[in-house]
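Structure record follows, encoded as structure tokens.
The values are calculated or read from the model by the stated rules, or taken from the named source; none is laboratory data. Keep in mind the model is a prediction, meaning the values are calculated, not measured. With ideal geometry, Cβ positions are generated from the backbone for all residues, glycine too; neighbour counts draw on all protein chains shown. We work out accessible area using only protein heavy atoms, side chains counted, and drop any ligands, DNA or RNA first. Shrake-Rupley method; radii C 1.70, N 1.55, O 1.52, S 1.80 Å.
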Amino acid sequence: QVIKVYSEDDTSRALEVPSDITARDVCQLLILKNHYVDDHSWTLFEQLTHTGLGRAIEDHELVIEVQSNWVMEEETKLYFRKNYAKYEFFKNPLSFFPDHMISFPSETNAALSHSGILQMFLSSSTYPEIHGYLHAKEQGKKSWKKLYFLLRRSGLYFSTKGTSKEPRHLQFFCEFSNSDMYMSLTGKKISGAPTNYGFCFKPNKSGGTRDLKQLCADDEQSRTCWMTAIRLLKYGMQLYQNYMQPYQGRSGCSPLNITPMRSISENSLVAMDFSGQRSRIIENPTEALSVAVEEGLAWRRRGCLRLNSHGSPIAMSNMAIHRSQSWFHHKISREEAQRLILQHGLVDGVFLVRDSQSNPKTFVLSLSHGLKIKHFQIVPLEDDGKLFYTLDDGHTRFTDLIQLVEFYQLNKGVLPCKLKHYCARIAL
């Protein structure tokens, strides 16, 4: 079987794969072919172009089976990208399941720990109830209706009478074994939804958009809670196994059998001095730090030099050296920046830097924190004939954007959190 996989910059790669290959195996294959570092966040993403829907394919899903559910009238693509939020709920369940949206069986101790909540989700006998208001698109109509929904092991229900949970007032909405859950990537644009936090269920082998069961939440925290709980309900322990055993897969694709291109462990790195005739290990940490700083400055000076038409080096302005950085996105809009960050996962510290659309001389740092995307203006300052960049009205100044990003990767400063994961437009 041949599959075609795209990257963010719309370059693509055709892969010949066996029919039983999983999404994780495809990711491992692309990691090896492109010499990327595997940090277990690489994901295969299914995107429906016309309807503006997308979903991260679970690591254990069979890719050929996923493709067999595609319909002719919908242009569907597979994307290879990072998804930092893939298993974040195992690490930080507190932010995924707010108290006002979750209730437990009466026999359960009310003061259940959050690790206990996950155990309940993964258990076959008990299941916490998720409840709250959602907007639902009425079948065959353009209108949306706000209803009180409940998620139980048997499926998703809504109440026909306010917030009543009595069986006679509950109406079945959807079950998940024969359908896949997608997130709306276009907000209100295509579906006419009342908010930007849409998601839907698409039956396998469906006839297209008319069979979609569309919902939208009032905020990102609510949408994240519903979608995470439904993933756990549908896949249960399989998700936990995916999280705990990142290399479980085909032996031919397993990186355990292959010498890594680069070491991920910082513990295996040592400071070296190559200035003399023989190289030596630097054991004094103060000396190692000063050598590193000097090396960094030398690299920056080299990066700022370009050859002119006669072959002589000419200095390049600090304005341009950020253009080669993976985190810099040239002239993208605020909406596109938000979509990129959303697709990479709303984990604290996911970021990118872009040109400002409102002021051509400034830049914008777009950053995910607390399940929200915030935008910070990077302002250029001129002082004594020199140009600086600042996020805090000149209190902290940087000679270029690389220096600014490196500083905020190590220090929170005026930001709500440090810069951790950048959104990159990789090429395949």
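Annotations
- Computed lengthening from SER326 to LEU410, 0.36 nm per intervening residue step minus Cα-Cα distance: 28.5 nm
- Overall form of segment 2-82 per C-alpha gyration tensor (a/c, 1.5; a/b vs b/c): prolate
- Calculated FRET efficiency for the pair ASN92/GLN377, C-beta based, R₀ 35 Å, to 0.05: 0.75
- Gyration tensor (alpha-carbon) shape descriptor, segment 52-206, a/c threshold 1.5: oblate
- For segment 153-215: rounded, prolate or oblate by the Cα gyration tensor [a/c cutoff 1.5]: oblate
- Subtracting the Cα-Cα distance of LYS420 and GLN357 from 0.36 nm times their residue separation leaves 20.2 nm of extension gain.
- Modelled spin labels at GLN241 and ALA427, positioned 7 Å past Cα toward Cβ, are 4.0 nm from each other.
- Largest accessible area first, the listed residues ARG354, ARG231 line up as ARG231, ARG354 when surface is computed with a 1.4 Å probe on the assembled protein chains.
- At R0 = 30 Å, FRET efficiency that the Cβ-Cβ distance of ARG153 and ARG210 yields, to 0.05: 0.60
- DSSP bridge orientation in segment 323-422 - percent antiparallel, rounded to nearest 5: 80
- Rounded accessible area of TYR422 (nearest 10 Å², 1.4 Å probe): 90
- The residues packed around VAL66, meaning those with a beta-carbon under 9 Å from its beta-carbon, carry a net charge of -4 if Lys and Arg are +1 and Asp and Glu are -1.
- Accessible heavy-atom area order of MET237, MET120, MET183, highest first, probe of 1.4 Å: MET237, MET183, MET120
- Put a dot 7 Å past the Cα of SER125, heading toward its Cβ, do the same for HIS60, and the two dots end up 2.2 nm apart.
- Take THR11: with every protein chain present and a 1.4 Å probe, its accessible area is about 50 Å².
- Net charge contributed by nearby residues that have their C-beta within less than 13 Å of CYS174 (K/R +1, D/E -1): +2
- Stretchable slack from GLU336 to LYS189, in nm (0.36 nm times residue separation minus alpha-carbon distance): 51.6 nm
- Each residue of segment 5-14 was assigned a 3J(HN,Hα) from its phi angle through the Karplus curve 6.51 cos²θ - 1.76 cosθ + 1.60 (θ = phi - 60°); the sequence is 10, 9, 10, 4, 8, 6, 6, 9, 9, 8 Hz, with glycine and proline shown as x.
- Ranked order, VAL37, VAL350 - accessible area, probe 1.4 Å, largest first: VAL37, VAL350
- Only Lys, Arg (+1) and Asp, Glu (-1) charged, at Cβ; segment 2-82 dipole about Cα centre in debye: 200
- Cut-off 13 Å between beta-carbons: net charge of the residues surrounding MET237, Lys and Arg +1, Asp and Glu -1: +1
- Accessible area (Å², 1.4 Å probe, nearest 10) - GLU65: 120
- Computed FRET value (nearest 0.05) for ASP39 with SER164, which takes r as the C-beta separation and R₀ as 45 Å: 0.45
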